[in-house]
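Q: Once you've had a glance at the structure underneath, I'll fire off some questions.
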Amino acid sequence: MKTHVLITGKVIMVGFRFFIKLNAKKLHLNGFVKNRSDGKLEALFIGEKEDIDKMLEKCKEGPLFAKVKEIVIIDDDISFDKDDFEIRF
């Protein structure tokens with residue numbers, strides 16, 4: 001399964017990308033996370049549905065200084081063919 005999301009709120013400069021990567025690795029998810037120029041965080045999670053659901057719950061919490069306003073699921077055909085989870089810059 002694949003889920004592509006945009007996360008809005010106070011999500012930049014609070015360690016969110018590293019928080020996501022750490023939790024994605026624990027849940028054995030592949031994909032990526034990156035900051036966008038519009039202040040949103042973009043992430044792609046690939047793996048088992050149950051693990052992606054757990055990851056989305058983690059994203060709602062975020063790291064200590066984050067404040068998540070909204071998580072929007074993007075319906076698209078984005079591709080990712082690596083067997084890893086990466087932070088993109």
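Q: Taking the residues in region 27-47 that are small (G, A, S) and in contact with a helix residue (DSSP H, G or I) (Cβ under 7 Å, 6 or more places away or on another chain) as candidates, determine which candidate is nearest to F85 (Cα to Cα).
A: Taking region 27-47 as the starting set, the residues that turn out to be small (G, A, S) are 31, 37, 39, 43, 47.
When the remaining residues are screened for being in contact with a helix residue (DSSP H, G or I) (Cβ under 7 Å, 6 or more places away or on another chain), the result is 31, 43.
Numbers: G31: 5, A43: 10 Å.
Checked region 27-47; the qualifying residue nearest to F85 (Cα to Cα) is G31.
Q: Moving on to the next point. I want to confirm something. Restricting to region 75-89 and keeping residues that are surrounded by 11 or more Cβ atoms within 10 Å (Cβ to Cβ) and at pLDDT below 95, which single residue is nearest to F19 (Cα to Cα)?
A: If we take residues in region 75-89 being surrounded by 11 or more Cβ atoms within 10 Å (Cβ to Cβ) and at pLDDT below 95, then F80 is nearest to F19 (Cα to Cα).
Q: If you check every pair at least six apart or on different chains, which have Cβ atoms under 8 Å apart with a residue in region 24-46 that is assigned to a loop (DSSP other than H, G, I, E, B) first and a residue that is small (G, A, S) second?
A: L27/G47; H28/G47; L29/G47
Q: Select from region 56-65 the residues that are over 12 Å from I20 (Cα atoms) and either under 14 Å from the mean Cα position of the chain (by Cα) or exposed (fewer than 10 other Cβ atoms within 10 Å of the Cβ) (or both) and list them in ascending order.
A: Once the filter is applied, which keeps residues that are over 12 Å from I20 (Cα atoms) and either under 14 Å from the mean Cα position of the chain (by Cα) or exposed (fewer than 10 other Cβ atoms within 10 Å of the Cβ) (or both), region 56-65 yields only L64.
Q: Answer yes or no: is there a residue in region 39-55 that is more than 10 Å from the chain's Cα centre (by Cα), at pLDDT 95 or above, closer than 17 Å to T8 by Cα and not charged (D, E, K, R).
A: Scanning region 39-55 turns up at least one residue that is more than 10 Å from the chain's Cα centre (by Cα), at pLDDT 95 or above, closer than 17 Å to T8 by Cα and not charged (D, E, K, R).
Q: Please find, among K34, K69, the residue that is in contact with an Asp or Glu (Cβ under 6 Å, 6 or more places away or on another chain), charged (D, E, K, R) and over 14 Å from M1 (Cα atoms).
A: Values: K69 fails: in contact with an Asp or Glu (Cβ under 6 Å, 6 or more places away or on another chain).
None of the other options fit; the residue is K34.
The values are calculated or read from the model by the stated rules, or taken from the named source; none is laboratory data. Remember, predicted model here, so these are calculated numbers, not experimental data. In this analysis, Cβ positions are derived from the backbone assuming ideal geometry, glycine residues included, and neighbour counts consider all displayed protein chains.
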